[in-house]
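Dropping a structure here in structure tokens format, bear with me for questions.
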Amino acid sequence: MAAVDRFYLLYSEISRSCSVYIEALAVAGAWYTARKCVSLALGTYRALRLHVVPRLGGRMDLVKQYGTWAVVTGSTDGVGKAYAEQLAKRGVNIILISRNKEKLEAVSRSISETYQVETDFIVADFSKGREPYPAIKKALKDRDIGILVNNVGMFYNYPDYFTNLSEDILWDVINVNIASANMMVHIVLPGMVKKRKGAIVNISSASCCQPTPMMTIYGASKTYLDYFSRALHYEYASKGIFVQSLTPFLIATKMVEHSSVASKPSFFFPSAEEYASYAISTLGLSIRTTGYWQHAIEFTLGECLPEWIWAWFALYFCRIIRKEALASQVK
Ligand SMILES: NC(=O)c1ccc[n+]([C@@H]2O[C@H](COP(=O)([O-])OP(=O)(O)OC[C@H]3O[C@@H](n4cnc5c(N)ncnc54)[C@H](OP(=O)(O)O)[C@@H]3O)[C@@H](O)[C@H]2O)c1
């Protein structure tokens with residue numbers, strides 16, 4: 001018998017005895033493909049519902065939904081100021097909290113004149129441990145706070161190695177990025193629970209997507225906020241409280257002025273105003289979102305990457321940014 005015939009006989013014998021396995025594999029393949037199709041369809045539906053539909057249809061009445069006043073921390077610049085303006089545009093009265101009295105007065109006046117809402121401000125430095133909270137608690141005592149935006153946050157001058165950060169920076173990041181959100185929620189939430197309505201927005205960051213070297217304590221502080229928000233939502237949703245974790249990628253604000261690329265608004269790096277106008281339309285719709293559709297694409301890709309590839313990219317880009325920042329300091 002020719003070799004070809006023998007091979008053909010062997011092949012048909014093997015396929016006959018394997019036909020059950022091949023059919024089982026085909027069923028598993030069809031199941032996998034169907035699941036992928038359903039999750040793709042659901043993902044597309046969720047993305048449209050979150051990032052497209054709210055911008056086409058009518059706006060949610062935030063005053064009716066949550067209450068008349070909003071408190072925004074870190075609100076004289078960047079995202080906090082832009083978010084406060086978006087809230088005021090929707091008729092919500094605003095209480096601003098930051099360190100600088102002159103800047104607070106100017107932003108407060110500009111918001112009340114532009115949007116015809118009431119405004120107030122509290123001067124507080126969140127890096128001072130427990131010190132600012134008794135005064136904040138007193139100032140907010142009889143106010144109908146419907147929305148709390150825990151926006152205040154700090155980064156170091158540029159991405160850096162952990163041992164290059166001073167002890168003061170370590171404490172400031174913990175106090176400003178983590179403790180402030182805990183304390184503000186602790187002050188405001190009981191009033192919301194009593195009314196059985198309210199919203200809390202915690203501005204985390206996409207650096208919580210995976211461990212991010214050279215942004216180690218910043219990323220860890222933002223991961224804390226992300227978990228804090230999500231757990232809090234499950235704890236208080238049944239009491240009428242909506243808690244949202246916002247996880248944006250880079251936004252062109254003062255915080256990223258060390259990077260020549262990210263500090264200029266572009267397709268992937270929105271200005272604070274553009275970012276806030278998108279992010280606010282996701283309030284009440286998603287408990288965890290980047291708030292901006294271009295960032296949602298980046299976040300989904302980031303989550304799919306193996307951790308070591310994410311870390312490799314982070315190290316690569318952070319080293320470049322650090323070098324650029326150090327070079328500009330020398331000039
Ligand atoms: N920019 C980004 O690429 C990016 C990306 C992801 C997440 N985020 C997060 O978004 C939030 C806002 O960032 P941003 O870029 O808008 O920051 P920003 O432009 O640096 O503004 C920070 C604001 O916080 C206030 N502030 C700073 N330290 C404070 C302190 N110790 N006590 C009280 N107020 C303080 C500042 O006002 P005064 O100086 O007048 O006090 C300012 O109004 C942060 O939580 C940040 O982590 C930013």
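Students often forget the sequence filter, so: which lysines lie under 16 Å Cα-Cα from K323 once same-chain residues fewer than 8 apart are removed?
Hits, sequence-local ones excluded: K331.
Right, next: Please list, in chain and number order, the residues 5+ apart from A199 or on another chain whose amide H is under 5 Å from its amide H, with Hs placed from the backbone.
I147, L148, F242
Sticking with this one: Output the 0 to 90 degree angle, nearest 10, between the alpha-carbon long axis of helix 78-89 and the longest principal axis computed from the alpha carbons of the chain.
The two axes meet at around 80 degrees.
How many Å³ per residue does the convex hull of the Cα positions in region 275-331 occupy?
Convex hull of Cα atoms, per residue: 111 Å³.
What is region 1-157's relative contact order, in percent, from Cα pairs under 8 angstrom and six or more apart in sequence?
Worked out over region 1-157, it gives 22 percent.
With a 10 Å Cβ neighbour count serving as the proxy for reagent exposure, in which order, fewest first, do I94, I309 appear?
By the 10 Å Cβ count, ascending, the order reads I309, I94.
Using θ = phi - 60° and the Karplus curve 6.51 cos²θ - 1.76 cosθ + 1.60, what whole-Hz ³J(HN,Hα) does each residue of region 175-189 get, with Gly and Pro shown as x?
Once θ is set to phi - 60°, the couplings for region 175-189 become 5, 7, 7, 9, 4, 4, 5, 4, 5, 5, 5, 5, 6, 8, 4 Hz.
Now a separate question. Output the peptides 208-220, 12-24, 64-76 sorted from most to least packed, where packing is the average of other Cβ atoms within 10 Å over each peptide's residues.
Packing proxy ranking, top to bottom: 64-76, 208-220, 12-24.
Next up: Using each residue's phi in region 270-287, evaluate 6.51 cos²θ - 1.76 cosθ + 1.60 at θ = phi - 60° and report the 3J(HN,Hα) Karplus result to the nearest Hz, with x for Gly and Pro.
Here the 3J(HN,Hα) series is x, 6, 4, 5, 5, 4, 5, 5, 7, 4, 5, 6, 9, 5, x, 10, 9, 7 Hz.
Any idea what the relative contact order of region 51-330 is, in percent, if you count C-alpha pairs under 8 Å spaced at least 6 apart?
The normalised contact order for region 51-330 reaches 19 percent.
Now a separate question. Would you mind telling me which residue in L140, L232, L40 has the biggest mean-square fluctuation in a Gaussian network model of the chain, where springs connect alpha carbons within a distance under 10 angstrom?
Of L140, L232, L40, the most mobile in the Gaussian network model is L40.
Enumerate the lysines that K89 could reach by cross-link, defined here as Cα to Cα under 25 Å, with residues fewer than 8 away along the same chain left out.
The reachable lysines, counting only those whose Cα sits under 25 Å from K89, are K64, K81, K101, K103, K141, K195, K197, K254.
Suppose only helical runs count, i.e. DSSP H with n ≥ 4. What mean residue ellipticity at 222 nm does that imply for the chain under -39500 (n - 2.57) per run, divided by all residues and rounded to the nearest 500 deg cm²/dmol?
-18000 deg cm²/dmol
A further question on this structure: Among 121-134, 44-57, 311-324, how do they line up by average Cβ neighbours within 10 Å per residue, starting with the highest?
Peptide ranking by packing, descending: 121-134, 311-324, 44-57.
One quarter of the convex hull surface, Cα atoms only: what value does that give for region 94-241 in nm²?
Seen from a random direction, the Cα hull of region 94-241 projects 9.8 nm² on average.
Quick check: net charge around S127, other residues with Cβ under 14 Å of its Cβ, Lys/Arg +1 and Asp/Glu -1?
Residues near S127 contribute -2 overall.
Taking only the Cα atoms of region 51-330, how large is their convex hull per residue, in Å³?
Dividing the Cα hull volume of region 51-330 by its residues yields 131 Å³.
Distance in nm between label sites at D142 and I14, each 7 Å beyond Cα in the beta-carbon direction?
Using points 7 Å along Cα→Cβ, the separation is 8.7 nm.
Now for a separate question. What does a probe at R319 reach in region 154-183, counting residues whose amide N is under 16 Å from the point 7 Å along Cα→Cβ?
159-162
Give me the net charge for the shell around R288: Cβ to Cβ below 10 angstrom, other residues only, Lys and Arg +1, Asp and Glu -1.
0
Taking θ as phi - 60°, what are the ³J(HN,Hα) couplings along region 288-303 by the Karplus curve (6.51, -1.76, 1.60), each to the nearest whole Hz, with x for Gly and Pro?
Values per residue, Gly and Pro as x: 8, 8, 6, x, 8, 5, 5, 5, 5, 5, 4, 5, 4, 5, x, 5 Hz.
Under a GNM of the chain (C-alpha, springs under 10 Å), which listed residue has the highest mean-square fluctuation: I200, I169, I97?
I169
Also, quick follow-up: Going by average Cβ density within 10 Å per residue, which order do the peptides 191-197, 148-154, 87-93 take, highest to lowest?
148-154, 87-93, 191-197
Would you mind checking which residues have amide H under 5 Å from F121's amide H? H placed 1.01 Å from N; only 5 or more apart, or other chain.
Amide H to amide H, under 5 Å and 5 or more residues apart or across chains, F121 pairs with L96.
Summing +1 for each Lys or Arg and -1 for each Asp or Glu, what net charge is found among the other residues whose Cβ lies under 15 Å from the Cβ of A47?
Taking every Cβ under 15 Å from that of A47, the sum is +2.
For the chain, modelled as a Gaussian network with Cα springs under 10 Å, which listed residue fluctuates most, A262, A41, A181?
A41
Here, each number is a calculation from the coordinates, and none is a lab measurement. Only a predicted model underlies this, so the values are computations on that prediction, with no experimental measurement involved. Glycine gets a Cβ as well: all are built from the backbone with ideal geometry, and neighbour counts include every protein chain shown.
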